[in-house]
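Below: the structure, in structure tokens.
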Amino acid sequence: MSLCCGLAAVSFCGARPDGTVRSGKVVLSATVGIDGLPAIVAGNYLGLGREAARIDVWFRSATSTVTLHVNELRLQDEGGRSMTLTPEMTKVLTRLNQWYGLASSEDDPITHEQLRVATVSDGSVSRIQTIFDDAIGRAIFTSEKWLVPETGGEATMDSELRLAEIKDPRWSTVQDLAKLVGQPKAVGDLYARSEAEVADVDRHGLIKNALGRYRLKMNGAEKEIGRAIETVVQNSAPTYTHDPDLQFALIASQAWSGRYVGQWHTHSPHQGKDQWMGGDVPSFEDMQNALAAGQYLTLSFQPDGFDLYDASAMVDAGKVDLSRLQVIRYRSAAWREHFEKQRVLLTRAH
């Protein structure tokens, strides 16, 4: 089931930031019924699965256009049939409709220049700085350096580039493991308590195998567990996975407006000797993702700013081609000073 923006021509009245609608009426996109309701049912999102299933049945027999009466908490089709909704479902349907109605389309594509102007606006730069601030705040210290996780999400734009973030839950598991280095019993307890989550980051079974040797009281097993955790941290930091369930939760949890740009992810700073080093250029996998999704922005940290890689021209060509990536560069002495202070504080804290 695709959760990408439907880009269908949808009529809806202007939304407030809280997701409500000024006129109190919304003409629902058919995509809400085709994609949105089944997704709520499948994941029982916010416990609304049973209500979504009933709406789905009603929606399938609706006569032509369906209108959501936001203030009255009900649906109505052109034949006059009506269905009452809970407040929670009303809000979710409103947000899904905003998502599927985002204005960008094949007939009106976002140009690179439009994206550049939005990206370097003051609000966008501040938003991007906060994203990297938060990622650095979740860094893990290992092998005498800090490892900063990647992050990502969904991008829209109006006069600014708006990056809605979906934090990879795997990093939280990695953080929990890193806190337990030197505590083999606690590592074993965490593995037993959250086996699926730990196995998801311990893809090669390094921690699991080291724990097995520890239980057999083999020499050096405790240090092996520590080395295994360090390897898992190093392997996890430069990766980011877009999870469909988390994507749907993001879509259904906030108001949407503007034009849909696509998915995005970061390439985080690397700690060098006495300074932050810049993030990498897009990988071959990043470019494959762009071809599959229609756009996949890479936001690469730089010591004095950032580089945003726009893959739209490469997507238009229909093949992986690094030369077709367009880059938007932002540089600032204030940015460098800000993140240098962050680095110094991290160093002192360790």
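The table for this structure:
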| item | result |
| --- | --- |
| Filter pass, PRO238 being at pLDDT 95 or above and either among the small types (Gly, Ala, Ser) or touching a strand residue (DSSP E or B) at 6+ places or on another chain (Cβ under 9 Å) (or both) | no |
| Residue check for ARG348: loosely packed, with under 14 Cβ neighbours inside 10 Å and modelled with pLDDT of 95 or more | no |
| Any hit, the range 27-34, residues being assigned to a strand (DSSP E or B) and modelled with pLDDT under 95 | yes |
| Qualifying residues in the range 253-278 (those that are of a type in the set (A, V, I, L, M, F, W, C) and part of a loop (DSSP other than H, G, I, E, B)) - the one surrounded by the most Cβ atoms within 10 Å (Cβ to Cβ) | TRP256 |
| Wholly within the range 73-173, helices (runs of 4 or more DSSP H) carrying at least 2 residues that are among the acidic types (Asp, Glu) and either at pLDDT 95 or above or closer than 23 Å to GLY262 by Cβ (or both) | 122-137 |
| Failed condition for SER159, given (1) closer than 30 Å to ASP108 by Cα; (2) surrounded by 14 or more Cβ atoms within 10 Å (Cβ to Cβ) | (2) |
| THR151 being surrounded by 16 or more Cβ atoms within 10 Å (Cβ to Cβ), closer than 30 Å to VAL120 by Cα and in contact with a helix residue (DSSP H, G or I) (Cβ under 6 Å, 6 or more places away or on another chain) | yes |
| Residue in the range 280-294 that is open to solvent by 20 Å² or more (accessible area, probe 1.4 Å), acidic (Asp, Glu), at pLDDT below 95 and touching a Ser or Thr at 6+ places or on another chain (Cβ under 9 Å) present | yes |
| Meets criteria (over 26 Å from LEU250 (Cβ atoms), free of Cβ contacts under 8 Å to residues at least 12 places away in the same chain and of a type in the set (A, V, I, L, M, F, W, C)) for ALA186 | yes |
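The values are calculated or read from the model by the stated rules, or taken from the named source; none is laboratory data. The model shown is predicted, which means the values in this text are computed figures rather than measured ones. Methodologically, a virtual Cβ is constructed for each residue, glycine included, from the backbone with ideal geometry; neighbour enumeration extends over all protein chains shown. Just so you know, the surface numbers come from the protein's heavy atoms only, side chains and all, with ligands and any DNA or RNA stripped out. Shrake-Rupley method; radii C 1.70, N 1.55, O 1.52, S 1.80 Å.
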